[in-house]
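Values quoted throughout were computed directly from the atomic coordinates according to the rules given, and no laboratory measurement underlies them. On a predicted model such as this, the values are computed, not experimentally measured, just so you know. Ideal geometry is used to build each Cβ from the backbone, glycine not excepted, and the neighbour counts take in all protein chains shown.
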Amino acid sequence: MFFWIYDQPTWAMALLFTTAFAVFGIGGLTLFRRTTFDWMHRSERTNEVVGFAMSSFALLYGLLLGLLAVAAYGSYTASGDEVTREAASLSALYRDVSGLPEPKRAELQTILRAYTREVIDVSWPLQRDGVVPTGAGKIMTGFAAQLQAFQPANMGEQALFSEALSQMNTLLALRSMRLASVNAGIPDILWAVVLVGALINMIFIWMINTERHVHVVLTGMLSAFMGLVIFLIAAMDYPFRGEVSVDAAPFEQVYTVVMAK
């Protein structure tokens, strides 16, 4: 996968895909008509055969693209849900430690605020570049050590302490799931099949026997649309990369509403 495409603005990425496919399609058509077209159409029935084969292949290829689009969108929405759950767990953990006595309460709240700012300001930009962040994990390690060192003095503090430990474990599990999704996407072998299928689809388009100007317009339009569909899949493929990605809005809301003083 060419990860550099995620460094581009969304509009530039879409333009790149559609233009590249359209240029390749029209360029290939020009070469095909000059070299192979007459040899292919020595029989009057060739166009019928080409049309039948093209419709059958287009059905299979369209099904493949549709399934990949659904899979990419499903991964994107699932990652968004996991981030929301992670932020909710962070909010609950902050409220739990807010019930502990001083000075432990202030120490733990300060660490959680620092963790949240680290996630928003450092971790998220790194994730968009495909880098798995580690800074926030070190902060949570310090938080865990501070929390586990607390000694409850009564049953109320024991209940809050137990709930805080449970929420911390939930938060760490959700964080691990998020980090695992940073570089999780459609396997390269599937992308290879998509590109080979796009090439075969273009060859079928080139083989259609029609007027030259109609052929050029048809090839350009179909090729550009194929590029647009493949762009859509690629844009959503890695849910934390590029502009079309899951953002840190749930964490920002927790920091503003729950943690800010």
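Table for the structure above
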| item | result |
| --- | --- |
| In nm, spacing of pseudo-spin labels at residue 73 and residue 52 (7 Å Cα→C-beta vector) | 3.4 |
| Estimated vicinal HN-Hα couplings, Hz - the range 173-187 in sequence order (Karplus 6.51, -1.76, 1.60; Gly, Pro = x) | 5, 5, 5, 4, 5, 5, 5, 5, 8, 4, 10, 9, x, 5, x |
| Convex hull (Cα only) mean projected area of the range 1-43, reported in nm² to one decimal | 4.2 |
| Hz values of 3J(HN,Hα) by residue in the range 11-25 - Karplus curve (6.51, -1.76, 1.60), Gly and Pro given as x | 5, 5, 5, 5, 5, 4, 5, 5, 5, 4, 5, 5, 5, 5, x |
| Lys, Arg +1 and Asp, Glu -1 on Cβ, resulting dipole of the chain about Cα centre, debye, nearest 20 | 260 |
| Charge dipole (the chain, unit charges on Cβ, about Cα centre) - positive-most of 260, 246, 101 | 246 |
| Sum of -39500 (n - 2.57) over DSSP H runs of 4+, divided by residues of the chain (222 nm, nearest 500) | -25500 deg cm²/dmol |
| In degrees, nearest ten, helix 104-118 long axis to first principal axis of the chain (Cα) | 20 |
| Kirkwood-type radius of the range 136-261, with distances r between different C-alpha atoms, in Å | 19.9 |
| Förster radius 45 Å - calculated FRET efficiency between residue 30 and residue 129 (Cβ-Cβ, nearest 0.05) | 0.70 |
| Sequence ranges 101-113, 50-62, 117-129, ranked by mean other-Cβ count within 10 angstrom, highest first | 117-129, 101-113, 50-62 |
| Relative contact order of the range 110-166, defined on C-alpha pairs under 8 angstrom at six or more residues apart (%) | 31 |
| Burial ranking of peptide ranges 79-87, 250-258 (average Cβ count within 10 Å, highest at the top) | 79-87, 250-258 |
| Whole-Hz couplings from phi, Karplus 6.51/-1.76/1.60, listed for the range 123-139; x for Gly and Pro | 5, 5, x, 5, 4, 5, 8, x, 9, 7, x, 10, x, 5, x, 5, 5 |
| Candidate values (1) 21.6, 71; (2) 26.8, 93; (3) 21.9, 75, label of the one derived for Rg and Dmax of the Cα atoms in Å | (2) |
| Helix 46-97 vs. the chain, principal-axis angle (Cα, 0 to 90°, nearest 10) | 10 |
